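The values are calculated or read from the model by the stated rules, or taken from the named source; none is laboratory data. If you're wondering where the values come from, they're calculated on a predicted model, not measured in any experiment. Glycine also receives a Cβ, built like all others from the backbone with ideal geometry; neighbour counts cover every protein chain displayed. Just so you know, the surface numbers come from the protein's heavy atoms only, side chains and all, with ligands and any DNA or RNA stripped out. Shrake-Rupley method; radii C 1.70, N 1.55, O 1.52, S 1.80 Å.
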There are 2 protein chains.
Amino acid sequence: MSAAAQERPLRIGEVAELTGTTPRTIRYYEEIGLLPEAEDREHGKRRHYTPDDVERLRELLRLKDLLGLSLDDLKRIVEAEAARAVLREQWQQTEDPTEQRQILEEALVHLAAQLKLVRARRTEIERLESELVARQRRVKSRLKSLG
Amino acid sequence: MSAAAQERPLRIGEVAELTGTTPRTIRYYEEIGLLPEAEDREHGKRRHYTPDDVERLRELLRLKDLLGLSLDDLKRIVEAEAARAVLREQWQQTEDPTEQRQILEEALVHLAAQLKLVRARRTEIERLESELVARQRRVKSRLKSLG
DNA sequence: CTGCTAGCTTACGTTTACGTAAGAAACCGC
DNA sequence: GCGGTTTCTTACGTAAACGTAAGCTAGCAG
């Protein structure tokens, strides 16, 4: 469905480059279940990725770095998303609008939870920033009073 | 000079409580030179702290958590501040306004560097936040179109 | 003085998140 | 087909940031 899936598959080194990480990290994330393993890859053969996979990994790294989440935290998020994805498949097939609504509402809950985290962080950062600005002002005024 | 220094000294457990960390962490920070060690404490006797020390530790923990700085990064910051403090003492005694100005300007450089870090973080956080909001909107509109 | 709790020192242990090395196999260009 | 690069698997190594345990002491409460 995604246009991205049509293009030449990316190799692990390219993905690492694009996301600013290393092949080892990518394999490790797969190993702990943070990234999915292609079930049809034969032993010893190369992994390949789509641009969507790159975006996915970028997002995980962002959550990790910006929110300070551990890989375990991320895994929980990923698993929750996966669970919702399963339900989505089941329920979209039945085309029952009541169930579909429930799925979307769960997605909203999920997003609200993440937003809460992000906004809390932003608030803390802003407080830190304004304290630094205040100090800056004090130093500047002392500089002025020195002539 | 600080009013805080007049009050009953705090023990390590209280400081840990107040900063949301543990005594072990505080001792560790002292061990690696992140927190100063009172030079007059006899071997085996208790550490004690002022409310200013608590604030100091809070700030370090904030920089660590919000900016994702390592203890090594923090140590560099602390050392830079200490170096500036030494110069301040020396030069304030001489009461040479030219030197005093230089100290203040160095402080500004220091603050500007930290502010740059903090603002970069805030920008990233804000981008993440707006992406989440966008997703939220999409889900909400799909909900509405479901009736 | 006597308990009791919290703190001290020393030292080894642990978790997280990968790094690194070795040997083999997969592609890719020629 | 072949050399060169990249990847694969397996497994051991490691740095950072503390945790934990043991034996001992400070210092206060009664």
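Please give the FRET efficiency for B:Glu81 paired with A:Gln93, using the beta carbon to beta carbon distance and R0 = 51 Å, rounded to the nearest 0.05.
Working: r = 62 Å, r/R0 = 1.22.
Step by step, r from the Cβ atoms, then E = 0.25.
Which links in A:Lys140/B:Lys116; B:Lys75/B:Lys116; A:Lys64/B:Lys75; A:Lys75/A:Lys116; A:Lys75/B:Lys75 stretch past 21 Å when you go from one Cα to the other?
Working: A:Lys140/B:Lys116 17 Å; B:Lys75/B:Lys116 19 Å; A:Lys64/B:Lys75 23 Å; A:Lys75/A:Lys116 18 Å; A:Lys75/B:Lys75 32 Å.
From A:Lys140/B:Lys116; B:Lys75/B:Lys116; A:Lys64/B:Lys75; A:Lys75/A:Lys116; A:Lys75/B:Lys75, over 21 Å: A:Lys64/B:Lys75; A:Lys75/B:Lys75.
Where the centroid of each part is defined by its Cα atoms, how far is the range A:34-98 from the range B:78-147 in Å?
33 Å
Take every residue in peptide B:63-70, count the Cβ atoms of other chains within 10 Å of its Cβ, and give the average of those counts.
On the way: counts 1, 1, 3, 8, 3, 5, 0, 0.
Across B:63-70, the average partner-chain Cβ count within 10 Å equals 3.
GluC sites (Glu not before Pro), restricted to the range A:84-147: which are DSSP loop and have at most 13 other Cβ atoms within 10 Å?
Working: sites: A:Glu89, A:Glu95, A:Glu99, A:Glu105, A:Glu106, A:Glu124, A:Glu126, A:Glu129, A:Glu131; in loops: A:Glu95.
Those satisfying the criteria are A:Glu95.
Using the alpha carbon gyration tensor of the protein assembly as shown, what are the three equivalent-ellipsoid semi-axes (square root of 5 times each eigenvalue), largest first, in whole Å?
Numbers: eigenvalues 472, 99, 94 Å².
Semi-axes (√(5λ), whole Å): 49, 22, 22.
To the nearest 100 Å², how much accessible surface do chains B and A cover up together, summed over both, with a 1.4 Å probe?
Details: alone 11750 and 11740 Å², together 19500 Å².
Adding both sides of the contact gives about 4000 Å².
Suppose R0 equals 51 Å. What FRET efficiency, 1/(1 + (r/R0)^6) with r the Cβ-Cβ distance, do B:Asp40 and A:Leu143 give to the nearest 0.05?
Details: r = 36 Å, r/R0 = 0.70.
Efficiency for this residue pair is about 0.90.
Quick one: plug the Kirkwood hydrodynamic radius of the range B:52-147 (C-alpha pairs) into Stokes-Einstein at 25 °C, 0.890 mPa s, and report D in µm²/s.
D, rounded to a whole number, is 145 µm²/s.
Treating the angle as unsigned and between 0 and 90°, give the value, to the nearest 10°, between the Cα long axis of helix B:71-94 and the longest Cα principal axis of chain B.
50 degrees
Take B:Ala113, project a point 7 Å from its Cα along the Cβ direction, then tell me which residues of the range B:73-91 have their backbone nitrogen under 12 Å from it.
Only B:73-84 pass the distance filter.
Select from the range B:17-72 those GluC sites (Glu not before Pro) which occupy a DSSP coil region and have at most 14 other Cβ atoms within 10 Å, ordered by residue number. Walk me through the numbers on the way to the answer.
Values: sites: B:Glu17, B:Glu30, B:Glu31, B:Glu37, B:Glu39, B:Glu42, B:Glu55, B:Glu59; in loops: B:Glu37, B:Glu39, B:Glu42.
When the GluC sites (Glu not before Pro) of the range B:17-72 are filtered for loop state and at most 14 Cβ neighbours within 10 Å, B:Glu37, B:Glu39, B:Glu42 remain.
Can you tell me the dipole magnitude for the protein assembly as shown around its Cα centre, using point charges on the Cβ only (Lys, Arg +1; Asp, Glu -1), in Debye to the nearest 20?
760 debye
Straight-line reach from A:Lys144: which aspartates and glutamates have a Cα under 17 Å away, not including same-chain ones fewer than 8 places off?
Output for A:Lys144: B:Glu95, B:Asp96, B:Glu99, B:Glu105, B:Glu106.
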